[in-house]
Amino acid sequence: MISPNFAISSSGYLGPGSIYDIIHKIGKPVSVKKGQTIIKEGAYSNFFIYIEQGIFKTVAKVDERPFILSFTFKDDIDCCARALLSGLPNSVTIEAVVDSEILVCKMQDFESVACKGDYHGIINNLLVYYLGFMERRLVEAISLNAEQAYHKLLQEHPDKMKQLPLSHVAGYLGITVERLSRIRKKLFGAHLYN
């Protein structure tokens with residue numbers, strides 16, 4: 001699982017009142033440099049981001065060791081959903097993998113522009129989709145070894161995998177770069193390194 005791949009710009013209705021329309025009405029354009037943190041663990045956030053161009057990684061720390069939970073790409077929405085909707089501090093850090101262009105959308109603005117019924121429906125749909133994504137990520141984490149997980153990533157997201165540094169892919173898989181290199185060599189043979 002690489003990203004929720006919500007792809008809101010291609011998800012059907014884009015007219016007035018659609019999530020795409022609301023985001024473009026309230027979103028403030030921001031350029032984000034590679035390595036820049038947009039959401040920091042422990043801080044409070046009152047916004048979500050819509051990625052117009054670029055890639056972000058979501059990182060959680062366990063005993064100060066970072067683990068990459070997911071990557072998000074163009075047309076994805078990203079935030080620490082639990083924190084945003086509960087008012088609690090962020091439990092993850094979200095950082096740009098490459099120079100990126102985003103729209104920063106304050107939740108208060110989103111709520112005021114969407115009519116009440118639409119707001120709750122949109123939030124509900126996003127949360128259901130996100131929970132399904134996290135459930136699949138959890139199942140993959142406990143059912144696949146690193147080689148199987150890497151092979152699955154390559155099959156499901158070949159273009160996105162090419163955009164990611166190997167160190168990030170290794171972090172997502174929970175292995176070292178050296179172990180990932182051995183897996184890649186086994187899968188692709190020596191021609192990969194020529």
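Numbers for the structure displayed
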| item | result |
| --- | --- |
| Within the chain, helix-based [θ] at 222 nm, where runs of 4 or more DSSP H residues each add -39,500 (n - 2.57), nearest 500 | -13000 deg cm²/dmol |
| Residues Asp109, Asp99, Asp63 arranged by fewest to most Cβ contacts within 10 Å | Asp63, Asp99, Asp109 |
| Potential extension, Met161-Asp99 segment - 0.36 nm per residue separation minus Cα distance | 20.6 nm |
| Top of Val30, Val97, Val169 by mean-square fluctuation, Gaussian network on the chain, Cα under 10 Å | Val30 |
| Cβ-based net charge around Arg184, under 12 Å, with every Lys or Arg adding one and every Asp or Glu removing one | +2 |
| Cα-based helix-to-principal-axis angle, 177-188 vs the chain, degrees rounded to 10 | 70 degrees |
| Taking all pairs of distinct alpha-carbon atoms in the chain, Kirkwood radius in angstrom | 17.7 Å |
| Set of lysines near Lys160 by C-alpha distance (under 22 Å), chain-local residues within fewer than 8 positions excluded | Lys33, Lys34, Lys57, Lys74, Lys152, Lys185, Lys186 |
| Segment 144-194 - Rg over Rh from alpha carbon coordinates, Kirkwood radius | 0.92 |
| Alpha-carbon centroids, segment 121-194 and segment 70-120: separation in whole Å | 23 Å |
| Inter-label distance, nm, simple model (7 Å from Cα along the C-beta direction), His24/Val177 | 4.0 nm |
| Degrees between helix 146-156 axis and first principal axis of the chain (Cα, 0 to 90, nearest 10) | 60 degrees |
| Length gained when the stretch Phe188-Arg136 is fully extended (0.36 nm per residue, less Cα-Cα span) | 16.1 nm |
| Rounded to whole Hz, the Karplus (6.51, -1.76, 1.60) HN-Hα couplings of segment 73-86, x for glycine and proline | 10, 3, 6, 8, 9, 9, 4, 9, 4, 4, 5, 4, 8, 10 |
| Electrostatic dipole magnitude of segment 8-143 [Cβ: Lys, Arg +1; Asp, Glu -1; Cα centre; debye, to 20] | 160 debye |
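Any read-out appearing in this document is the output of simple, stated calculations on the displayed coordinates, not a laboratory observation. These numbers come from a predicted model, not from an experiment. Backbone-built Cβ (ideal geometry, glycine too); neighbour counts: all protein chains shown.
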